[in-house]
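Novice: Supplied in structure tokens, the structure appears directly below.
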Amino acid sequence: MATTRVIGLDLAKHVFQAHGADDAGHVTFRQRLRRDKVLEFFAAQPPCLVAMEACGGAHYWGREISRLGHDVRLIPASYVKPFVKRQKNDAADAEAICEAALRPTMRFVTIKSEQQQASAVVFRARDLLVRQRTQIINSLRGHLAEYGRVVAQGPGHVTKLIAQVEDPASGLPPAASLALGLLIGMLRTLDEQIARMDTEIARRAREDEVARRLTTIPGIGPVTATAMAALAP
């Protein structure tokens, strides 16, 4: 029986698909795996190359399967797509991953550590909060414009927006004042949360060697340095 050289693993929420191939690319097995049986399956396999698409959960599975003695490689999904030979399904995807991994010129994604992923979570969470803050500021500006109150754009003018809403003599209808007041409350909460995230990012920038080196570049601050170290290791 041919020895399995590479296993292509198509990740899923509940049922994974594994596709094994030998040195010549011939199929050695095709197998469906329940999520709770994946590590048990790979623990029983001799050390080989295990390939997966670099998608959600791939870094976790990459770390876990690597601990079992396998050489795990993550492939960008766009590099796998040309190898899908037939109608897209789990079995075809696993086979395509396997074939792509056998290509000598294939490029792979580095598996991230838990700390690298944590840094990415911090940065992406901050980015989400900043976008939500921008939406609220734009909403305040738009609603006030409907009542003839125009304030210049830019974060530096947000206090003027708030002052117009909270001014007792503003003449805004009570219902509008209530709704805009709620938006201002959300805005202040977001400011506090973003400040907490900035503190965490600054701490990580000081502790991470790569981020510290990046901050020595003119124009690169803790946020950008942390983002580059976390998202482009």
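Novice: If I stretch the segment between Y60 and S177 completely, what's the gain in nm (0.36 nm per residue apart, minus their alpha carbon distance), one decimal?
Specialist: Net length gain for the segment: 37.3 nm.
Novice: Taking only protein heavy atoms and a 1.4 Å probe, what accessible area per residue, in Å², does the chain have with all protein chains in place?
Specialist: Computed with neighbouring chains in place, this is 58 Å² per residue.
Novice: OK, next. Using DSSP to call loops (not H, G, I, E or B), can you name the GluC sites (Glu not before Pro) in the range 128-204 whose Cβ has at most 13 other Cβ atoms within 10 angstrom?
Specialist: E146
Novice: Roughly speaking, to the nearest percent, how much of the chain's 1.4 Å accessible area is carbon and sulfur?
Specialist: Carbon-and-sulfur percentage of accessible area, whole number: 55.
Novice: Sticking with this one: Subtracting the Cα-Cα distance from 0.36 nm times the residue separation, let me have the gained length for S78 to A163 in nm, one decimal.
Specialist: Contour length minus the Cα-Cα distance gives 25.6 nm.
Novice: Normalising by the residue count of the chain, find the relative contact order in percent from Cα pairs under 8 Å and 6+ residues apart.
Specialist: Relative contact order, the chain: 15 percent.
Novice: Considering only S139, G171, V150, whose Cα is most displaced toward the positive end of the charge dipole of the range 130-172, charges sitting on Cβ of Lys, Arg (+1) and Asp, Glu (-1)?
Specialist: S139
Novice: Using alpha-carbon pairs under 8 Å, 6+ residues apart, how would you state the relative contact order of the range 1-136 in percent?
Specialist: Here the relative contact order equals 24 percent.
Novice: Here is a further query. I need the phi-derived Karplus couplings for the range 52-66: 6.51 cos²θ - 1.76 cosθ + 1.60, θ = phi - 60°, integer Hz, Gly and Pro marked x.
Specialist: Result, rounded to whole Hz: 9, 6, 7, 10, x, x, 5, 5, 4, 5, x, 5, 5, 6, 4.
Novice: Any lysines with Cα under 22 Å of the K88 Cα? List them, leaving off those in the same chain fewer than 8 positions away.
Specialist: Correct list for K88: K13.
Novice: Further question on the same structure: What's the FRET efficiency of V210 with R35 using the Cβ-Cβ distance as r and R₀ = 30 Å, to the nearest 0.05?
Specialist: E(calc), rounded to 0.05, equals 0.35.
Novice: Okay, moving on. Would you work out if the chain is rounded, prolate or oblate? Take a ≥ b ≥ c from the square roots of the eigenvalues of the alpha-carbon gyration tensor; rounded if a/c is under 1.5, else prolate when a/b is larger than b/c, oblate otherwise.
Specialist: prolate
Novice: Also: Please turn the phi angles of the range 9-18 into ³J(HN,Hα) values with the Karplus equation 6.51 cos²θ - 1.76 cosθ + 1.60 (θ = phi - 60°), one per residue in order, whole Hz, x for glycine and proline.
Specialist: My calculation for the range 9-18 gives 10, 8, 7, 7, 6, 10, 10, 8, 10, 10 Hz in order.
Novice: Hey, with R₀ at 22 Å, roughly what FRET efficiency would V27 and L231 work out to, going by the Cβ-Cβ distance, to 0.05?
Specialist: 0.05
Novice: Would you list which aspartates and glutamates come within 18 Å of K37, measuring only between C-alpha atoms, while excluding same-chain residues fewer than 8 positions from it?
Specialist: Result set, ordered by chain and number: D10, E64, D90.
Novice: Expressed as a rounded percentage, what relative contact order does the range 136-211 have, with Cα pairs under 8 Å and six or more residues apart?
Specialist: Normalised by residue count, the contact order of the range 136-211 is 25 percent.
Novice: Please go through the range 23-123 and write out the trypsin sites (Lys or Arg not before Pro) that DSSP classes as loop and that have at most 15 other C-beta atoms within 10 Å.
Specialist: For trypsin sites (Lys or Arg not before Pro) across the range 23-123 that sit outside H, G, I, E and B with at most 15 neighbouring Cβ atoms in 10 Å, the list reads R67, K85, R86, K88, R107.
The values are calculated or read from the model by the stated rules, or taken from the named source; none is laboratory data. Model, not experiment: these values are computed from the prediction. Ideal geometry is used to build each Cβ from the backbone, glycine not excepted, and the neighbour counts take in all protein chains shown. In case anyone asks, the SASA skips ligands and DNA or RNA and just uses the protein heavy atoms, side chains included. Shrake-Rupley method; radii C 1.70, N 1.55, O 1.52, S 1.80 Å.
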